[in-house]
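Quick notes on the structure that follows.
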Amino acid sequence: MQPVYLIKDQSNFQRKIMVDMAWLSTHKQIRLPKYYFEDGLYLPYKSNNQARIEKYYLSKDKIIKEDEHHYYFKFPFKPEEVEDIENS
């Protein structure tokens, strides 16, 4: 599985946060440390062979569980649907 990055668009650049790949591959969930969470974080993806890149925003209503240090989000994609941001 290729590395998966969350993106945060800022004024003239994009900030990338690498997803915990060991957790993702084992649990099929995004585990994000609470201190990285902020409005506007998204995961770029292509669904159903579309040419256009969509954005899956991580928001408070998409948190499926949390613990003292992490938020957990559903990962509703196949690995091949996640867009490699280096090539987008």
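Structure above, values below:
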| item | result |
| --- | --- |
| Global geometry of segment 5-87, whether rounded, prolate or oblate, following the gyration tensor of its Cα atoms and the 1.5 cut on a/c | oblate |
| Cut-off 13 Å between beta-carbons: net charge of the residues surrounding Leu24, Lys and Arg +1, Asp and Glu -1 | +3 |
| Table column - 3J(HN,Hα) (Hz), segment 19-26, Karplus curve with 6.51, -1.76, 1.60, x for Gly and Pro | 6, 5, 5, 5, 5, 4, 5, 7 |
| Built amide H within the under 5 Å cut-off of Phe37, gap 5+ | none |
| Total formal charge among the other residues, if their Cβ is under 10 angstrom from that of Asp9, Lys/Arg +1 and Asp/Glu -1 | +3 |
| Charge dipole (debye, nearest 20) of the chain; +1 at Cβ of Lys and Arg, -1 at Cβ of Asp and Glu | 140 |
| Residues whose placed amide H lies under 5 Å from that of Ser47, excluding near-sequence neighbours | Glu54 |
| Residue-averaged 222 nm ellipticity for the chain, from DSSP H runs of 4+ at -39500 (n - 2.57), nearest 500 | -2000 deg cm²/dmol |
| Mean separation of Cα contacts under 8 Å, 6 or more apart, over the residue count of the chain: relative contact order % | 28 |
| Neighbour-limited loop hits for GluC sites (Glu not before Pro), segment 30-82 (at most 13 other Cβ within 10 Å; DSSP other than H, G, I, E, B) | Glu38, Glu68 |
| For Phe75, distant residues with modelled amide H under 5 Å away | Ile30 |
| Net charge contributed by nearby residues that have their C-beta within less than 10 Å of Pro76 (K/R +1, D/E -1) | +3 |
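Since every read-out is calculated from the coordinates, none of them should be taken as a lab result. Only a predicted model underlies this, so the values are computations on that prediction, with no experimental measurement involved. Neighbour counts run over all protein chains shown; Cβ positions are idealised from the backbone, glycine included.
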